[in-house]
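The values are calculated or read from the model by the stated rules, or taken from the named source; none is laboratory data. Everything quoted here is computed from the prediction, not taken from an experiment. Here the Cβ positions follow ideal geometry from the backbone for every residue, glycine too, while neighbour counts run over all protein chains shown.
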Amino acid sequence: MGSPVVLGIESSCDETGAGLVRDGRLLGQAVASSMDEHARFGGVVPEIAARAHVSSLTPVVSRALAEAGLRMKDIGAVAVTTGPGLSGALQVGLAGAKGLAYALGVPLHGVHHLAGHVAADTLEHGPLPDPCVVLIVSGGHTSLLLVRDLARDPILHLGDTLDDAAGECFDKVARVFGLPYPGGPAIDRAARTGDPGAVAFPRPLTGPGDAPYAFSFSGLKTAAARWAEQHRIRRARLPLADGAAALQEAVADVLTRKAVAACDAYGVGTLVVVGGVAANSRVRALAQERCRSAGITLRVPPLRLCTDNGAMIAAVGDLLVRAGALPAPLDVSIDPSAPLEYAALHPVAGSGTGAVGRADTAVRGTLR
Ligand code: KG4
Ligand code: ZN
């Protein structure tokens, strides 16, 4: 018998996603976004996001099934983001996932959102090489990781951001520049006609004595905000395209420089760049350029798999199921600030690792 179809559900922020994956293959997916409802507030409003998940969850699951040409009874396991993320938003996805898993009599797996971003790439480029270096760059996180077997091994953090995430830096500077939310794509668009060398923004934590794989974006954010402020004080027109291009260049430079240095230092031949900021055109281009000259294979998921979606959660669920991971108990809860240690987010009594149990007993039927 083949492995089961895994339904993945994502609801940690403003996207409600559902995806169906079997044996590493994406069968269908659908995403609904409440982004437009948050735009006038300049950021995600947690209560609005949670309510939007309530109305979007069932339609999104139905659309993913329709795209895959499957029916509810074909689902063999359910995976759901249990953290990190907005508490109310996570609760909605988990409640829906529990209901489906219980009604279908199939196992439920709690998944770490960021492990989902990592696994997203496998849907396009196949299994990850062991080991690989992963650069996760999203709205809430920026980390350099050493990843082995995603379903079984602990994830080693080589470095994390000490303050703001890269996406947060884009979002906040965009706001100061008068660009719409979400700021990352707006900066990317504005930068197209700009000169990246027009403003000398800092490259934080790149000095000889600095932590080689740690990041810091709050100083860069402040520098960009000051630059905009100075124009405003002088009542001068803001050269928006140049500011956007220079900011994007600074972020892309720091991210890719450190990621390539980590591959070199650890003797790893593959770099995987994932998360919403992996959609940035300059981050993608500079990563490609630097990896090519360092002889490193670069993997970046296609744009639709970079931002939050359900397929990436299904991809982790599929890996866990095939690795024989123990399912979550039905009283599993969310963990809004879960650290990224394992792809599975529900500690299993006695295993000491949280992720993988005995293959023979683990997978089916525990929710009956
Ligand atoms: O991974 P994601 O969809 O959600 C989180 O888990 O945070 O990432 C969202 C972040 C936002 O900060 C958004 O501005 C940024 O990804 N982003 C971009 C681009 N597209 C999305 N940043 C820069 N350039 C882009 N093209
Ligand atoms: Zn995300």
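For this structure, a couple of remarks:
- Number of the exception - Arg299 against (1) within 16 Å of ligand 1 (Cβ to nearest atom); (2) touching a strand residue (DSSP E or B) at 6+ places or on another chain (Cβ under 9 Å); (3) over 15 Å from Gly184 (Cβ atoms): (1)
- Test: residue in the range 182-193 that is crowded, with 20+ Cβ neighbours inside 10 Å, outside any helix (DSSP H, G or I) and away from ligand 2 (no atom under 16 Å from the Cβ): no
- Some residue of the range 202-217 being under 15 Å from Asp242 (Cα atoms) and buried (at least 16 other Cβ atoms within 10 Å of the Cβ): no
- No other residue among Leu238, Leu247 is out of contact with any strand residue (DSSP E or B) (no Cβ under 8 Å at 6 or more places or on another chain) and part of a helix (DSSP H, G or I) apart from Leu247.
- Condition broken by Gly140, with the remaining ones in (1) modelled with pLDDT of 95 or more; (2) over 24 Å from Arg232 (Cβ atoms); (3) not acidic (Asp, Glu) satisfied: (1)
- Reported count of residues in the range 122-169, each being buried (at least 22 other Cβ atoms within 10 Å of the Cβ), within 14 Å of ligand 2 (Cβ to nearest atom) and not aliphatic (A, V, I, L, M), is 6.
- Qualifying residues in the range 271-295 (those that are crowded, with 19+ Cβ neighbours inside 10 Å and not in a helix (DSSP H, G or I)) - the one farthest from ligand 2 (Cβ to nearest atom): Leu271
- Entry remark, the range 93-120: residues being assigned to a helix (DSSP H, G or I) and away from ligand 2 (no atom under 16 Å from the Cβ) number 11 in total.
- The numbered conditions (1) within 27 Å of Val45 (Cβ to Cβ); (2) assigned to a helix (DSSP H, G or I) are all true for Val80 except (2).
- Unique residue being more than 16 Å from ligand 1 (Cβ to nearest atom), under 16 Å from the mean Cα position of the chain (by Cα), at pLDDT 95 or above and not assigned by TED's automatic domain parsing to the domain that holds Val137 when the list is Gly317, Gly324: Gly317
- Screening the candidates Val260, Val268 for the property of being modelled with pLDDT of 95 or more and not in a loop (DSSP other than H, G, I, E, B) yields one hit, Val260.
- For the range 113-136, residues that are closer than 17 Å to Pro212 by Cα and within 12 Å of ligand 1 (Cβ to nearest atom) total 1.
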